[in-house]
Amino acid sequence: MAETGRFRMTVLYSGHVQGVGFRYTTSQVARGFDVTGTVRNLPDGRVELIAEGTREELEAFREAIRSSMGGFIRGEEVSWSEAVGGMQGFRIVG
């Protein structure tokens, strides 16, 4: 897919994922991984995660989020694409 070996992972989390520290916890978990990206609440009650990194790092990051917040997650819609770049660090954006 991406020649650079970097990918973009978009995850839409559903369940009881707003009002429980999900975005904050995700941003803290991100510190342990070589990823860049954003996390934000959506108006429909889901949380959107967009992260870029190597496939292995992104999969490990996603697993760490499940380990930390899995009790609140009912569903995950995951999509993959080539990394776009332009993101610095990992931040909460809404």
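Note the listed values [x] -0.76; [y] -0.65; [z] -0.57, then indicate which one is log10 I(q)/I(0) by the Debye sum over Cα atoms at q = 0.16 Å⁻¹ calculated from this particular structure.
Calculated log10 I(q)/I(0) by the Debye sum over Cα atoms at q = 0.16 Å⁻¹: the matching label is [z].
Which value, in debye to the nearest 20, describes the size of the charge dipole of the stretch 20-94 about its Cα centre when Lys and Arg Cβ atoms bear +1, Asp and Glu Cβ atoms bear -1, and nothing else is charged?
360 debye
Answer with one residue from V20, I73, G85: the one whose Cα lies farthest towards the positive end of the charge dipole of the chain, charges on Cβ with Lys, Arg +1 and Asp, Glu -1.
My answer, from the dipole projection, is V20.
Counting heavy atoms of the protein chains only and a 1.4 Å probe, report the per residue accessible area for the chain as a whole number of Å².
55 Å²
In the stretch 1-71, what trypsin sites (Lys or Arg not before Pro) fall in a loop by DSSP, with at most 14 other Cβ atoms inside 10 Å?
Answer by residue number: R31.
Give me the accessible area of V20, 1.4 Å probe, in Å² rounded to the nearest 10.
40 Å²
With a 1.4 Å probe and all protein chains left in place, how much of the accessible area of the chain comes from carbon and sulfur atoms, in whole percent?
So the carbon and sulfur contribution to the accessible surface is 45 percent.
State the antiparallel share, in %, of DSSP beta bridges confined to the chain, rounding to the nearest 5.
If we restrict to bridges inside the chain, about 90 percent are antiparallel.
Which order do S68, S27 take when ranked by solvent-accessible area (1.4 Å probe, heavy atoms of all protein chains), largest first?
S68, S27
Under the definition of Cα pairs under 8 Å and six or more residues apart, what whole-number percent is the relative contact order of the chain?
Relative contact order of the chain: 46 percent.
The values are calculated or read from the model by the stated rules, or taken from the named source; none is laboratory data. The shown structure was predicted, so the numbers you read here are calculated from the model rather than taken from an experiment. Methodologically, a virtual Cβ is constructed for each residue, glycine included, from the backbone with ideal geometry; neighbour enumeration extends over all protein chains shown. We work out accessible area using only protein heavy atoms, side chains counted, and drop any ligands, DNA or RNA first. Shrake-Rupley method; radii C 1.70, N 1.55, O 1.52, S 1.80 Å.
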